[in-house]
Amino acid sequence: MMSNEELQLPPRQLFVGGAWRDGSTGMRRDVVDPATGAILTTVVEADATDVDVAVRNAREAFDHGPWQRMPARDRARILHRAADLIRERADELVALESRDVGKPVSLCRAVDVETAAQQYEYCAALAQGIDGATRSTPIPSLAYTTRVPVGVVAAITPFNFPLILSSTKIAAALAAGNVVVHKPADDTPLSALFMAELLKDAGVPDGVLNVVTGSGQIVGDALLRHSGVDKIAFTGSTAIGRHAASVAGEHLKPVTMELGGNAAHLVFDDADLDVAIGAVIKAFVFNSGQFCMAGPRLLVARALHDTVLGILEQAVPTVPIGDPRDPATVIGPMAGERQLKKVEEYVELARKEGGRIICGGERLDLDGGYYYRPTVIADLPTDSRVIAEEVFGPVLTVQPFDDEDEAVALANSTPYGLAAGLQTRDVTRAHRVAARLDAGIVWVNDWAMLDPAIPFGGVKDSGFGREYGPEALEAYTKIKSVVVSLPEPQ
Ligand code: NAP
């Protein structure tokens, strides 16, 4: 395990124009280790002046720098080098991300760091395939389209998967020839700053990636409103997403919105229960439930309801919870005290609503960290707020259903529509129900199967636009039509 000194956690600065710099106000913010409550380091509490400097640097890099004019093959080579450096420096990144977010090191290595590397590789490959088309028209002309970068992208990300979510945006934006000003979440900003330097080492020119830390209300809002920003790529809660989309609307800026979720997980009576239970547990405990695509609403065929509750009561408390630096740990602490308190409030509310706590339902006192035991709750009324709202913690509610129509109706009875899943051995039912579930992605007989090639994003209050897949790159380009007159000779 790396100590803070080995991790090199001196106070961090802003990364602007390819160099580290202090913020204009001199104010700083503590970054806390959620496994102990200890202060890890401090970052700059930037303000609108710093945002302006970062956007101006990005603008200059876009308008006059080499990045957008560079052959796509050369951009791809740099992004490939970034992927290689991520793997070479995986030990440092795992230690940093785990310490900052409370993620178990084994999952952090296998999921967060590896996914980030894969995103750069995938986007590097796509960079070389950004094509236009020729169009046949009755006009005597040659008509064709080209795809050009959007320009300066503001990338705003939440606290729960800092490395993956910033890499998702930065890799796609850069592959398409854009430049980025990135604001990570104020609770978990460290991997974004690490990546800024790593990308510079990989060959990304100065000014192409800028990272500004600070509060959403000041730095995030200033980015949304800055006239030098051409596109907003936002991931976060539906409430802040609504605000960001309305500001973007005022300023007529294109946006992609990756917002909250509250996915249903349907277990039909023909499911393979071993497979189903494994997926159900993974879907609500992974990342301590701080997981936009978590499956916190379990819907079980009535015939299996009590059996499933009995299995969960036995199995869930055996999932290893504790120090994220222990390679055996599966559930670490919540990322911060705010998140822990929110989960406590929701479980209290569940008790008041008449819910039966099958297991968990309390904090785990360990090393002063923000731990909450994985919690299963049955017998809540169908209009329970704990079922309806995004708890964003290791909490699973369980409801029975009588038939497929009721299962689908319950699953879709939420404003969210990010993910959904079902467990069945009936192939016909799998496709039929998948088609009826109102969600951006549906998993069958597993949970959270993702790959940079699979488009990801929501419907309804979970947002719009897609990340991952070729669709992600398209969102970072504009189509330009060129029509060349070819008159017939007179
Ligand atoms: P959040 O509170 O909405 O924050 C997201 C980002 O927006 C943070 O960087 C935040 O900065 C910033 N922000 C806050 N107020 C702002 C403002 N007025 N203007 C501009 N930016 C502002 O979300 P969170 O609590 O960090 O993350 C959890 C949420 O993200 C959940 O709802 C989860 O479902 C969602 N999420 C969605 C996806 C997806 O792909 N759909 C993925 C992961 C998470 P501060 O940190 O400084 O407040």
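The values are calculated or read from the model by the stated rules, or taken from the named source; none is laboratory data. The structure displayed is predicted, hence computed values, not measured ones. When we count neighbours, we look across all protein chains shown, and the Cβ atoms used for this are built from the backbone with ideal geometry, even at glycine. SASA here: full protein model, heavy atoms, side chains in, ligands and nucleic acids out. Shrake-Rupley method; radii C 1.70, N 1.55, O 1.52, S 1.80 Å.
Filtered by the rule that a residue be open to solvent by 10 Å² or more (accessible area, probe 1.4 Å) and either among the hydroxyl-bearing types (S, T, Y) or more than 29 Å from I331 (Cβ to Cβ) (or both), the range 90-108 gives a lone residue, S106.
Within the option set V255, V180, being at pLDDT 95 or above and open to solvent by less than 10 Å² (accessible area, probe 1.4 Å) holds for one residue only, V180.
Do you know which of the residues in the range 451-469 that are open to solvent by 60 Å² or more (accessible area, probe 1.4 Å) and outside any strand (DSSP E or B) is nearest to the ligand (Cβ to nearest atom)?
Going through the range 451-469, the residues open to solvent by 60 Å² or more (accessible area, probe 1.4 Å) turn out to be 451, 454, 460, 464, 466.
Retained after the next criterion (residues that are outside any strand (DSSP E or B)): 451, 454, 460, 466.
On the way: D451: 15, I454: 13, K460: 12, R466: 10 Å.
Ranking the qualifying residues of the range 451-469, first place goes to R466.
Condition check ((1) more than 10 Å from the ligand (Cβ to nearest atom); (2) open to solvent by 10 Å² or more (accessible area, probe 1.4 Å); (3) in contact with a helix residue (DSSP H, G or I) (Cβ under 8 Å, 6 or more places away or on another chain)) across all residues:
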site	(1), (2), (3)
A171	yes, no, yes
M195	yes, no, yes
L209	yes, no, yes
V212	yes, no, yes
Q217	no, yes, no
G220	no, no, yes
I232	no, no, yes
S246	yes, yes, no
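Selection of first residues in the range 143-166 that are farther than 21 Å from L126 by Cα and of second residues that are open to solvent by 20 Å² or more (accessible area, probe 1.4 Å) and in a helix (DSSP H, G or I), restricted to Cβ pairs under 8 Å at least 6 apart or on distinct chains, gives the following pairs, ordered by first then second residue: I156/G216; T157/L165; P158/L165. Cβ-Cβ contacts under 9 Å between residues 6 or more apart (or on different chains), taken from a first residue in the range 241-263 that is aliphatic (A, V, I, L, M) to a second residue that is in a helix (DSSP H, G or I) and away from the ligand (no atom under 13 Å from the Cβ), are listed as V255/G249; A263/A283; A263/A411. Of all residues in the range 339-359, none are away from the ligand (no atom under 16 Å from the Cβ), within 28 Å of E97 (Cβ to Cβ) and part of a loop (DSSP other than H, G, I, E, B).
How many residues are outside any helix (DSSP H, G or I) and within 14 Å of the ligand (Cβ to nearest atom) if we restrict to the range 470-490? Write out each step before concluding.
Filtering the range 470-490 for residues outside any helix (DSSP H, G or I) gives 475-490.
This time we only want the ones that are within 14 Å of the ligand (Cβ to nearest atom), so: 475.
Result for the range 470-490: 1.
Is it the case that some residue within the range 284-296 is more than 24 Å from I441 (Cβ to Cβ), of a type in the set (S, T, N, Q), within 11 Å of the ligand (Cβ to nearest atom) and modelled with pLDDT of 95 or more?
If we filter the range 284-296 for residues that are more than 24 Å from I441 (Cβ to Cβ), which is where we start, we get none.
Scanning the range 284-296, I find no residue that is more than 24 Å from I441 (Cβ to Cβ), of a type in the set (S, T, N, Q), within 11 Å of the ligand (Cβ to nearest atom) and modelled with pLDDT of 95 or more, so the answer is no.
Scanning the range 258-270 for residues that are away from the ligand (no atom under 14 Å from the Cβ) and open to solvent by 10 Å² or more (accessible area, probe 1.4 Å) turns up D269, D270. Filter the range 36-89 for residues that are closer than 16 Å to G177 by Cα and among the basic types (K, R); which is least open to solvent (accessible area, probe 1.4 Å)? That would be R75.
Could you look through the range 235-244, keep only residues that are touching a helix residue (DSSP H, G or I) at 6+ places or on another chain (Cβ under 9 Å) and near the ligand (Cβ under 7 Å from one of its atoms), and pick out the one that is farthest from V181 (Cα to Cα)? Quick ask: steps written out before the conclusion?
Our first condition is that a residue be touching a helix residue (DSSP H, G or I) at 6+ places or on another chain (Cβ under 9 Å); within the range 235-244, this holds for 235-236, 238, 240-244.
From the residues that got through so far, the ones that are near the ligand (Cβ under 7 Å from one of its atoms) too are 235-236, 238, 240-241, 243-244.
Details: T235: 14, G236: 17, T238: 22, I240: 18, G241: 18, H243: 19, A244: 16 Å.
Result: T238.
Checking every residue in the range 121-135 against the condition of being without any contact (Cβ under 8 Å) to a residue 12 or more places away in the chain, of a type in the set (S, T, N, Q) and open to solvent by 10 Å² or more (accessible area, probe 1.4 Å) gives at least one match. Filtering the range 345-355 to residues that are buried (at least 16 other Cβ atoms within 10 Å of the Cβ) and acidic (D, E) leaves only E353.
Can you confirm whether P158 is within 16 Å of the ligand (Cβ to nearest atom), closer than 30 Å to D326 by Cβ and open to solvent by 20 Å² or more (accessible area, probe 1.4 Å)? Taking the combined requirement at face value, the residue satisfies it. Out of curiosity, is A175 open to solvent by less than 10 Å² (accessible area, probe 1.4 Å) and within 16 Å of the ligand (Cβ to nearest atom)? When the stated conditions are applied, A175 does not pass them. In the range 337-356, the condition of being in contact (Cβ under 8 Å) with a residue 60 or more places away in the chain, within 15 Å of G289 (Cβ to Cβ) and among the β-branched types (V, I, T) is met by no residue.
From the list I311, I281, pick out the single residue that is at pLDDT 95 or above, open to solvent by 30 Å² or more (accessible area, probe 1.4 Å) and more than 16 Å from the ligand (Cβ to nearest atom). Don't jump to the end; show me each part of the working.
Working: I281 fails: open to solvent by 30 Å² or more (accessible area, probe 1.4 Å).
After applying the criteria, what remains is I311.
Scan the range 229-264 for residues that are outside any helix (DSSP H, G or I) and either β-branched (V, I, T) or under 20 Å from the mean Cα position of the chain (by Cα) (or both) and the total you get is 19.
Can you confirm whether D186 is modelled with pLDDT of 95 or more, surrounded by fewer than 24 Cβ atoms within 10 Å (Cβ to Cβ) and farther than 17 Å from A61 by Cβ?
Values: modelled with pLDDT of 95 or more: yes; surrounded by fewer than 24 Cβ atoms within 10 Å (Cβ to Cβ): yes; farther than 17 Å from A61 by Cβ: yes.
So D186 passes the test.
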